[in-house]
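Engineer: Shown below is the structure under consideration.
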Amino acid sequence: MGRRFAELAFTPLVKEQQQQHGSRELYERVERSSDPGDRLGPYEQAFIKERDGFYLASVTETGWPYIQFRGGTKGFLRIRDDRTIGFADLRGNKQYISVGNLQHDDRVAMFLMDYPGQTRLKILGRAKVHEGDAEAKALIEELRDPKEKTPAERAVLIHVEAFDWNCPQHITPRYTEEELAEILEPVRQRLERLEKENEHLRKVQG
């Protein structure tokens, strides 16, 4: 964890809880860290490029937290530089809750999950929605996947304020079809060899 994440997340009430439960001394050292933790390094950037989805949290005008899942092809969340990520926002169910929330408060939290690797990257940032003008059109063209058939309605850029990696504890491994196919490929090849051997034996014995 970098210093900036602690500055944003550890409010006075949070610090009271840390003190009460015995972790305050540990996190005080984090707050004095020389690493600000506000720029995505090579490892963070590579991790983001491998994701095919993420969770985005925003806050409504009435103070309710709201979490939305955004998915796409692997790498649809693009790295523009070490403090900016973005994506082409595809047409969905037309509720526009997150888009509306960002009109009054641009702060967002993101969870990016690697379930097989039991790894989680948390990002705090400020989001800007680009829609309905020439700049938005250019950004959508830059960010969208050319193979994606669903229309993109807007571009969303997120300025990274801080990030933190979580420990793997309590992250249940889950696998996509692509990941399962890769894991099971040696088994498939072995079954294919056994089937050929059986076929050969049947011909010899017949």
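The values are calculated or read from the model by the stated rules, or taken from the named source; none is laboratory data. None of the values given here were measured: they were computed from a predicted structure. Glycine also receives a Cβ, built like all others from the backbone with ideal geometry; neighbour counts cover every protein chain displayed. Accessible surface is based on the protein model in full, side chains and every heavy atom, while ligands, DNA and RNA are left aside. Shrake-Rupley method; radii C 1.70, N 1.55, O 1.52, S 1.80 Å.
Engineer: Can you tell me which residues in the stretch 29-67 are among the β-branched types (Val, Ile, Thr), assigned to a helix (DSSP H, G or I) and either under 19 Å from Thr84 (Cα atoms) or at pLDDT 95 or above (or both)?
Structural biologist: Quick first cut of the stretch 29-67, residues among the β-branched types (Val, Ile, Thr) only: 30, 48, 59-60, 62, 67.
Filter again for assigned to a helix (DSSP H, G or I), leaving 30, 48.
Ile48, the sole residue that qualifies.
Engineer: Among the residues of the stretch 120-166, write down those that are open to solvent by 80 Å² or more (accessible area, probe 1.4 Å) and small (Gly, Ala, Ser).
Structural biologist: Correct list: Gly132, Ala134.
Engineer: Can you name every residue in the stretch 184-200 that is hydrophobic (A, V, I, L, M, F, W, C) and either surrounded by 11 or more Cβ atoms within 10 Å (Cβ to Cβ) or at pLDDT below 85 (or both)?
Structural biologist: Listed by number, the residues that qualify are Leu184, Leu191.
Engineer: Of the residues that sit in the stretch 9-50 and are surrounded by 14 or more Cβ atoms within 10 Å (Cβ to Cβ) and touching a residue at least 60 places away in the same chain (Cβ under 8 Å), which one is nearest to the chain's Cα centre (by Cα)?
Structural biologist: Ile48
Engineer: Report yes if some residue within the stretch 171-183 is closer than 30 Å to Glu61 by Cβ and open to solvent by less than 70 Å² (accessible area, probe 1.4 Å); otherwise report no.
Structural biologist: Within the stretch 171-183, none of the residues are closer than 30 Å to Glu61 by Cβ and open to solvent by less than 70 Å² (accessible area, probe 1.4 Å).
Engineer: Read through the list (1) part of a helix (DSSP H, G or I); (2) in contact (Cβ under 8 Å) with a residue 40 or more places away in the chain; (3) of a type in the set (S, T, N, Q), then give the number of the only condition that Thr73 fails.
Structural biologist: (1)
Engineer: Restricting to strands (runs of 3 or more DSSP E) lying wholly in the stretch 81-142: which have 2 or more residues that are touching a Ser or Thr at 6+ places or on another chain (Cβ under 8 Å)?
Structural biologist: In the stretch 81-142, 107-114 are the strands (runs of 3 or more DSSP E) which contain 2 or more residues that are touching a Ser or Thr at 6+ places or on another chain (Cβ under 8 Å).
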